[in-house]
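Worksheet: one structure, shown below.
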Amino acid sequence: MAKFFKAGIQSYGFRDLEVKLYHQTRVFNSSGYISLLNTFSDHRSMVASTKKLLYSEIENVILQNDNGLTVYDTIELYLARK
């Protein structure tokens with residue numbers, strides 16, 4: 001991805017691209033994870049009945065796993081000069 005992004009950003013006159021990666025681990029309980037899902041536009045626009053069924057299934061799986069779901073995030077930061 002960095003190569004593609006570098007070529008794209010250079011075409012807009014940016015230079016000295018620097019990419020930094022930050023890694024984070026978060027643990028969610030079932031309600032916290034469902035709250036996170038509700039911040040995503042594709043989930044917010046779901047048909048209500050479909051979303052209710054999906055979230056119910058997700059909640060059940062998380063509850064069966066000690067009410068914990070570990071999410072491993074990688075945050076990409078792109079810095080460049082104009």
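The values are calculated or read from the model by the stated rules, or taken from the named source; none is laboratory data. As the structure is a prediction and not an experimental result, all values here were calculated from the model. Neighbour counts run over all protein chains shown; Cβ positions are idealised from the backbone, glycine included. Accessible surface is based on the protein model in full, side chains and every heavy atom, while ligands, DNA and RNA are left aside. Shrake-Rupley method; radii C 1.70, N 1.55, O 1.52, S 1.80 Å.
Quick look at the numbers
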read-out: Tabulated pairs, the stretch 33-62, first open to solvent by 90 Å² or more (accessible area, probe 1.4 Å), second assigned to a helix (DSSP H, G or I) and at pLDDT 95 or above, C-beta under 8 angstrom, 6+ apart or interchain; value: none
read-out: All positions within the stretch 21-47 that are of a type in the set (Val, Ile, Thr) and part of a helix (DSSP H, G or I); value: Ile34
read-out: Index of the failed condition, Ile9 passing every other in (1) over 13 Å from Leu69 (Cβ atoms); (2) touching a residue at least 24 places away in the same chain (Cβ under 8 Å); (3) not in a helix (DSSP H, G or I); value: (3)
read-out: Checking Lys52 against (1) of a type in the set (Lys, Arg); (2) assigned to a helix (DSSP H, G or I); (3) under 18 Å from the mean Cα position of the chain (by Cα), the condition it does not meet; value: (3)
read-out: Conditions (1) at pLDDT 95 or above; (2) over 18 Å from the mean Cα position of the chain (by Cα); number of the one not met by Ser31; value: (2)
read-out: Residue list for the stretch 65-79, restricted to those being part of a strand (DSSP E or B) and loosely packed, with under 10 Cβ neighbours inside 10 Å; value: Thr70, Tyr72, Asp73, Thr74, Ile75, Leu77
read-out: Condition broken by Glu18, with the remaining ones in (1) touching a residue at least 24 places away in the same chain (Cβ under 8 Å); (2) farther than 12 Å from Tyr78 by Cβ satisfied; value: (2)
read-out: Residues (open to solvent by less than 70 Å² (accessible area, probe 1.4 Å) and within 22 Å of Asp66 (Cα to Cα)) located in the stretch 16-28; value: Phe28
